[in-house]
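The values are calculated or read from the model by the stated rules, or taken from the named source; none is laboratory data. This is a predicted model, so every value here is computed, not measured. Positions of Cβ are backbone-derived with ideal geometry, glycine not excepted, and every protein chain shown enters the neighbour counts.
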Amino acid sequence: MNRLLRGLHERLQQLERLSATLILVGLLVTMVSQVIARYIFRAPFSWSEELCRFGLVWLTFLAAAYIMGQQQHIAVDLWSQGLRPRWRLWADRGVQVVVVFTCLLLFVGSLRFVWHVHPVGSPSLGIPKSLWYGGASLGLLLMAVHAGIQACLTWQEPAAGTGTGTAMGTAMGTATGTAAGTATGTTIGAQREDGGAGT
């Protein structure tokens, strides 16, 4: 099960990274072409700004989904640092569940908006607005999937295992503290053994 979830996660991450990269390159080429057409040939394109805005919407939400998969979104974890490792893991599980339901709730709301604006087309290219804002719906769905995968992997961990990565970054501090505590305990134990051997 873990292997299947990790494989799905990696495939989605590859597709998101590739799609975001291609969109970013397309935006760069479009803007450079517009500048050349406007200031050199004095014949600017009428569709370049519209295409860039379309690409920016998709780039924003695809990149947000990719960052979610990388667990690099900004998070405030000050409140969880004072918890015991076991409670910190449970707090992280609760946060992941909240993230999943929030993304799904926003996804459903975005679908209603996309359906409402579907008949409206863009002025220059005639692209349906549903295709414009469909990137937001897709990005929210992908974020929910990534958060759900991470939640499933975390829930399958034993309650004592607090050294693994978490969706909101709280377990990173746990791993550091656990490693430091283990190293300190090992050092003290070695010193006691040396002292006992010396006596």
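Numbers at a glance
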quantity: Subset tally (residues that are of a type in the set (V, I, T) and touching a residue at least 24 places away in the same chain (Cβ under 8 Å)) for the range 79-112; calculated: 4
quantity: Positions within the range 56-70 being in contact (Cβ under 8 Å) with a residue 40 or more places away in the chain, closer than 23 Å to R6 by Cα and out of contact with any helix residue (DSSP H, G or I) (no Cβ under 6 Å at 6 or more places or on another chain), in sequence order; calculated: Q70
quantity: Set A171, A167: member being modelled with pLDDT under 65 and in a loop (DSSP other than H, G, I, E, B); calculated: A167
quantity: Number of positions in the range 1-21 that are at pLDDT 95 or above, surrounded by fewer than 13 Cβ atoms within 10 Å (Cβ to Cβ) and of a type in the set (A, V, I, L, M, F, W, C); calculated: 1
quantity: Qualifying residue in the range 83-105 (condition: assigned to a helix (DSSP H, G or I), more than 19 Å from T154 (Cα to Cα), touching a Ser or Thr at 6+ places or on another chain (Cβ under 7 Å) and acidic (D, E)); calculated: no
quantity: Qualifying residue in the range 32-55 (condition: in contact (Cβ under 8 Å) with a residue 12 or more places away in the chain, over 28 Å from Q156 (Cβ atoms), among the β-branched types (V, I, T) and part of a helix (DSSP H, G or I)); calculated: no
quantity: Candidates H146, H73, filtered to the one that is in contact with a helix residue (DSSP H, G or I) (Cβ under 8 Å, 6 or more places away or on another chain), at pLDDT 85 or above and outside any helix (DSSP H, G or I); calculated: H73
quantity: Candidate set: the range 149-164, residues that are closer than 16 Å to Q72 by Cα and modelled with pLDDT of 50 or more; chosen: the one surrounded by the most Cβ atoms within 10 Å (Cβ to Cβ); calculated: Q150
quantity: Pairs, first acidic (D, E) in the range 8-22, second at pLDDT 95 or above, C-beta under 8 Å, six or more apart; calculated: E16/L62; E16/A63; E16/A65; E16/Y66; E16/L142
quantity: Subset tally (residues that are surrounded by fewer than 19 Cβ atoms within 10 Å (Cβ to Cβ) and touching a Phe, Trp or Tyr at 6+ places or on another chain (Cβ under 6 Å)) for the range 123-140; calculated: 2
quantity: Any hit, the range 127-137, residues being at pLDDT below 95 and assigned to a loop (DSSP other than H, G, I, E, B); calculated: yes
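Matching residues to (1) small (G, A, S); (2) surrounded by 13 or more Cβ atoms within 10 Å (Cβ to Cβ); (3) in contact with a Phe, Trp or Tyr (Cβ under 8 Å, 6 or more places away or on another chain):
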| site | (1), (2), (3) |
| --- | --- |
| I36 | no, no, no |
| A43 | yes, no, no |
| L51 | no, yes, no |
| L59 | no, yes, no |
| I67 | no, yes, no |
| H73 | no, yes, no |
| V76 | no, no, no |
| W79 | no, no, no |
| R93 | no, yes, yes |
